[in-house]
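The values are calculated or read from the model by the stated rules, or taken from the named source; none is laboratory data. Since this is a predicted model, take the numbers as computed values, not measurements. Cβ sites come from the backbone with ideal geometry, for glycine too, and all protein chains shown count toward neighbours.
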């Protein structure tokens, strides 16, 4: 661990802190309808699609529209993949994608997961990348933002039967937030050397007189929304460690910054729209504490050499003197690799600039634990905020129990229905992950994908289902997931982790909107103080971390202890 590594963390956090507030205020005004400078384009979209912009929806209507839109786009993407061999912009003449893989990929991009069980540049055509996958990068992110805004409206409204219009919120998220930023962002990436073309792949002769095929493509435009929308699916299999996706230290910083940008800004939006800016900052403080703690552990773990190689003269000198460099891009080193891994798994992004499977056991446990906390440490665009609000509801409920009062949240009583919806949201996540992980380690079709036996093999499977349910998309990539079992099971897991958790959350928004406003009293627990931040952090760690502690004990923790004694599995 060096001073330079901590300086990079500090610079990153300060830049995020400075930039998030203007965007948060801007988004609050966008979704309150105060900004209409793109009204002609909006009106054209609404007329073409038959949407009545002034007609708001109940929570049931909002959820139904969200599910209908997502299902239709899933089917469309599946068909594009299957038929890409007869569609345009396929200069490499790639065949249609196999059925189970096409299903998995369509489910993945629909749910903002971007799990990729394929070799990117030899599987997907340019048309599939742009019309199928990049399209989802925009709209899955917009859906997440829209649903988060609906929940914030539910908190802020009084005795209302509606929480907004899904079609309007999704359109405004794309037009006013995602598209403008991505246009500037993509051009900035091109200036750093990220490629953007529709050329056929380049065939080159190496100095050793070998033939090498160099992939091309419209990378910068997809890279921008991949990071800003916390999607994470790379144009190339090496993802953000590939020099065509991430060529310079500045592009690396931009990519890390953009992962948190919208998620952090939404805490300011929460404070503005609910009339309690202090509450937004308390939520941001909780996220920041968990982020800093995760980076500290990951950076510390990766700064130490692999104990099995330590002391072996040649390998220790070449590879281990500065810590664990296995699976890391030498352009970025240990500090940037640990920071990128922490950021991408705090958010439901999943982009990588190093291989998490090659991290030390404790270093690799941090990305896994970040996902298993529910992807609420800034989280995915929108999904991070509404996941955190679920924990806020549980925290005020616990605080109410401790003082013997009916819990209140920003002037709303938290009653039995609200707690049931919050607990349903919280319980679905571990139920899906642990059930399918257990099934996979008991049957040959699950065990067949493991490349590392012992505790690390369990970690590979646990990470895969955690990443799918958390809509993250990164992996312990030693697992062979391109099989019928994993393509099918992970596709189901991704859909469950997205939509089975969204529905109770939207129901909570509708119920909160109907409630009367209650003036604060001397017994009201304030949600804008450092004490609340401490309580919220504790609830997240107790509810989230302890749920998965037995599985983590059998995976990365056991692997760490065995490595200290030189025990390996082959």
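Numbers below:
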| quantity | calculated |
| --- | --- |
| Sole residue being under 14 Å from residue 505 (Cα atoms), out of contact with any strand residue (DSSP E or B) (no Cβ under 8 Å at 6 or more places or on another chain) and buried (at least 24 other Cβ atoms within 10 Å of the Cβ), chosen from 141, 146 | 146 |
| Single residue of the stretch 526-535 satisfying the filter (out of contact with any strand residue (DSSP E or B) (no Cβ under 8 Å at 6 or more places or on another chain) and closer than 16 Å to residue 274 by Cβ) that is surrounded by the most Cβ atoms within 10 Å (Cβ to Cβ) | 532 |
| Of the criteria (1) farther than 23 Å from residue 131 by Cβ; (2) at pLDDT 95 or above; (3) surrounded by fewer than 20 Cβ atoms within 10 Å (Cβ to Cβ), which one residue 28 fails | (3) |
| Residue ID - surrounded by the fewest Cβ atoms within 10 Å (Cβ to Cβ), chosen from residues in the stretch 342-361 that are at pLDDT below 95 and under 19 Å from residue 304 (Cβ atoms) | 358 |
| Residue among 566, 510, 544 that alone is closer than 18 Å to residue 433 by Cβ and in contact (Cβ under 8 Å) with a residue 12 or more places away in the chain | 544 |
| Residue satisfying all of: in the stretch 206-220; more than 29 Å from the chain's Cα centre (by Cα) and either in a strand (DSSP E or B) or touching a residue at least 60 places away in the same chain (Cβ under 8 Å) (or both); surrounded by the fewest Cβ atoms within 10 Å (Cβ to Cβ) among these | 211 |
| So residue 384, is it in a helix (DSSP H, G or I), in contact with a helix residue (DSSP H, G or I) (Cβ under 9 Å, 6 or more places away or on another chain) and within 29 Å of residue 139 (Cβ to Cβ) | yes |
| Number of positions in the stretch 551-563 that are without any contact (Cβ under 8 Å) to a residue 12 or more places away in the chain and in contact with a helix residue (DSSP H, G or I) (Cβ under 9 Å, 6 or more places away or on another chain) | 1 |
| Residue 523 loosely packed, with under 14 Cβ neighbours inside 10 Å, touching a helix residue (DSSP H, G or I) at 6+ places or on another chain (Cβ under 7 Å) and in a loop (DSSP other than H, G, I, E, B) | yes |
| Unique match (being touching a helix residue (DSSP H, G or I) at 6+ places or on another chain (Cβ under 9 Å) and either buried (at least 21 other Cβ atoms within 10 Å of the Cβ) or more than 25 Å from residue 246 (Cβ to Cβ) (or both)) among 197, 165 | 165 |
| Conditions (1) outside any helix (DSSP H, G or I); (2) surrounded by fewer than 18 Cβ atoms within 10 Å (Cβ to Cβ); number of the one not met by residue 116 | (2) |
| Scan of the stretch 38-50 for residues that are farther than 13 Å from residue 169 by Cα and surrounded by 10 or more Cβ atoms within 10 Å (Cβ to Cβ), ordered by number | 38, 39, 41, 43, 44, 47 |
| Selection within the stretch 464-491 - in a helix (DSSP H, G or I), free of Cβ contacts under 8 Å to residues at least 60 places away in the same chain and surrounded by fewer than 24 Cβ atoms within 10 Å (Cβ to Cβ) | 485, 489 |
| Matching residues, the stretch 51-102, being within 16 Å of residue 162 (Cα to Cα), exposed (fewer than 15 other Cβ atoms within 10 Å of the Cβ) and in contact with a helix residue (DSSP H, G or I) (Cβ under 8 Å, 6 or more places away or on another chain) | 52, 60 |
| One residue from 513, 469, 545, 475 being more than 16 Å from residue 427 (Cα to Cα) and within 20 Å of the chain's Cα centre (by Cα) | 475 |
| Checking residue 184 against (1) closer than 21 Å to residue 19 by Cα; (2) surrounded by 16 or more Cβ atoms within 10 Å (Cβ to Cβ); (3) more than 21 Å from the chain's Cα centre (by Cα), the condition it does not meet | (2) |
| Residue tally, condition in a helix (DSSP H, G or I), under 29 Å from residue 218 (Cα atoms) and touching a helix residue (DSSP H, G or I) at 6+ places or on another chain (Cβ under 9 Å), over the stretch 123-162 | 20 |
| Count of the stretch 420-437 residues which are surrounded by fewer than 17 Cβ atoms within 10 Å (Cβ to Cβ) and farther than 20 Å from residue 473 by Cα | 3 |
| Matching residues, the stretch 370-396, being in contact with a strand residue (DSSP E or B) (Cβ under 6 Å, 6 or more places away or on another chain) and more than 11 Å from residue 539 (Cβ to Cβ) | none |
| Residue within the stretch 396-413 that is crowded, with 21+ Cβ neighbours inside 10 Å and within 23 Å of the chain's Cα centre (by Cα) present | no |
| Checking residue 503 against (1) touching a helix residue (DSSP H, G or I) at 6+ places or on another chain (Cβ under 8 Å); (2) part of a helix (DSSP H, G or I); (3) farther than 26 Å from residue 113 by Cβ, the condition it does not meet | (3) |
| Check on residue 21, modelled with pLDDT of 95 or more, surrounded by fewer than 15 Cβ atoms within 10 Å (Cβ to Cβ) and under 24 Å from residue 150 (Cα atoms) | no |
